[in-house]
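Working notes for the structure below.
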Amino acid sequence: MEQSIIQFIEKQLIIQQKDKIIISLDGTLMSAVLVKLMQKAEIQFETISCIDNSNKIHSLSISLLAEQLSTPVNLIDTTSISEKLNSDSTISARKRITDLYLNLAADVHNGIVTSNLSYSQWCIDFPHKIYKSLEQIHPLAQLHYSEVKDLARGLLITDTVITREPSHYFSKHTDQQLLGFTYTQLEDFLRSGSPANSITDNLITSKIVRNDWALGYKTLQYPEALMENL
């Protein structure tokens, strides 16, 4: 699994004639896994983190994660940028700023942006999903969240990062609080192939982006070798 992802990324750099990988270090386990993979494969990369400077906990967690991963990170304060642009400071506005900076970094460094979404997050109507608007590759889009955890353990990422309650970007809530179910419940649902008509399964069904996923799935850039995991 690990080698398949690395080979896929190396191949994409050659095909697209790019020099670097651009990673959004957003505090998620997926972003940490991508950093460790690039370090292990000795692939050049840049890390960018768009932070909410008014949320000190978020800013501190990003800095600590970068320190644990032994990687430098370019911190972008979306709050001050929103003020300078006379823009609102909502989560959607900050995500747009993140989009812009990732694209800018890709242009400046002749790089490819990688998405941090696992298969679990691609399948649902997730309030923080921003990556479908960018031309990028999706190295983890075939892995359930539990498989990302397994990959992280193999990369010797610390337990504090692996077991941290998933949350995304600028929200002060966990993914479970936002979605109403856990990734374990979502994975069980996706693997079973049909709902069990429980309250949780009905909630998951309401958030599955069936048409969107069916259309976007065919155009994703992902390691074909990982298809066997589904």
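Bear in mind these aren't lab numbers, they're just calculated from the coordinates by the rules spelled out. Because the structure is a prediction, the values reported are computed rather than measured. Here Cβ is always computed from backbone atoms with ideal geometry, including for glycine, and neighbour counts include all displayed protein chains.
Overview of values
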item: Segment Leu178-Asp77, extension gain: residue separation times 0.36 nm, minus the distance between their alpha carbons; result: 34.0 nm
item: Length released on extending from Leu156 to Ser206, taking residue separation times 0.36 nm less the Cα-Cα span; result: 14.4 nm
item: Modelled FRET efficiency - R0 22 Å, Lys40 with Leu104, Cβ distances, 0.05 increments; result: 0.25
item: Virtual spin-label span in nm between Ile199 and Ser146, 7 Å along Cα→Cβ; result: 2.4 nm
item: Amide hydrogen neighbours beyond the local backbone of Phe45, cut-off 5 Å, H modeled; result: Ile21
item: Calculated FRET value between Gln68 and Ile15, using beta carbons and R₀ = 41 Å, to 0.05; result: 0.80
item: Amide proton proximity set for Cys50, modelled H, under 5 Å, gap of 5+; result: Ile76
